[in-house]
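Please treat every number below as a calculation from the coordinates, not as lab data. The structure displayed is predicted, hence computed values, not measured ones. Every residue, glycine among them, receives a Cβ derived from its backbone with ideal geometry; neighbour counts consider all protein chains shown.
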Amino acid sequence: MEHLKPLIEDESVPVHPDHDPRHPLVVFGDHRFCAGENLVVQRMAGPHMHSQIELNFVLSGNMTYWFDGRELTVDEGRLCLFWGMIPHQVIDRREGTRFVCLYVPMSVFLGLANLSRFRDAVFRGAMIEALEIRSYDRDIFMRWREELLAGDGNLTEIVRNELTARVLRIEREGWCDLREEGSAIARFSASDSERVEHVERMLRFIAEHALEPISADDVGNDAGLHPNYAMAIFKRAVGHTINQAIVRHRLDTAQSLLISTDLSITDVAFESGFGSVSRFYEAFAARFLEKPTAFRRRMRAKGIPPA
């Protein structure tokens, strides 16, 4: 799993084929169910993104993420999960902190029944923390990591089923959003396997092309769907519209560039996929309730320098 090393190491961060090396926002194109090889957490050189749901179980120490404009700390013995398409970066950790990191395809979450509020919170950018931790969770996460790294298809399927059950228990036993924000409810039936596949494809297309001049019609066409049908099933599954998802991705990218580079606000706007600076200012202020310049100044004051 060499492709996972950059997620927790400073050195030798690989560059996405379409990534300008001046701008240290790395987007990984892997969509597999897999585990990170490294147990020891290191500060990351810059924010990155990936399409899977990421689960972190902290074995010892603690780690602090920059996540969606916030600094969120996960302590020893805690389990958190989030959607990797929200730009994130480990900005601090206690020396020697160890964790298990698992990457789960979004289709697993889209296909789970009775997880509407939980699933919606994840896709709206929550960092979920489980409120109930079992004494055996540490051993189970270590075993899942070892079995996923083994590359055995049968073991992978077993881990998928066991991990799915653990996620269902998180929903049942209680969870909190470390950002302390509420979210709306989206509904999607687990029996709609074809729709799940379509929604996953649309989410991937947005993740890979949102910085280009794409529209909701382009997203639906890529999935082979009529635009109206595509928009209907997407909103039902994810909780917001295709256009909102595109803008959300562009704003997430802009946040990362404001923190990790010294690009001008104009350059950040265009690098993030906005067609005009005024539209960028409008969208940024509507979501984050401050101007891009104020956001950059505030984050730099917190001691988060450009990568």
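Annotations
- Between the alpha-carbon centres of the range 147-174 and the range 202-228 there is a gap of 30 Å.
- Derived scalar couplings ³J(HN,Hα) [the range 118-124; Karplus, 6.51 cos²θ - 1.76 cosθ + 1.60; whole Hz; x for Gly, Pro]: 4, 5, 4, 4, 4, 6, 8
- Overall shape: oblate for the range 67-170, with the ratio a/c of the largest to smallest alpha carbon gyration tensor axis at 1.5 or above and b/c at least equal to a/b.
- Loop-resident GluC sites (Glu not before Pro) (DSSP state other than H, G, I, E or B) in the range 64-139 with no more than 12 further Cβ atoms inside 10 Å of their Cβ: Glu95, Glu132.
- Highest average packing first - 134-145, 47-58, Cβ atoms within 10 Å: 47-58, 134-145
- In terms of the mean number of neighbouring beta-carbon atoms within 10 Å, the peptides 258-268, 147-157, 195-205 order highest first as 195-205, 258-268, 147-157.
- Over the range 196-255, the pair-distance histogram of Cα-Cα distances with 10 Å bins from zero comes to 26, 60, 14, 0 percent, rounded to whole numbers.
- Listed residues Ala165, Tyr136, Leu110: farthest to the positive end of the dipole of the range 94-176 (Cβ charges): Leu110
- The simple Förster model, with R0 at 25 Å and r as the Cβ-Cβ distance, assigns Arg43 and Asp75 a FRET efficiency of 0.90.
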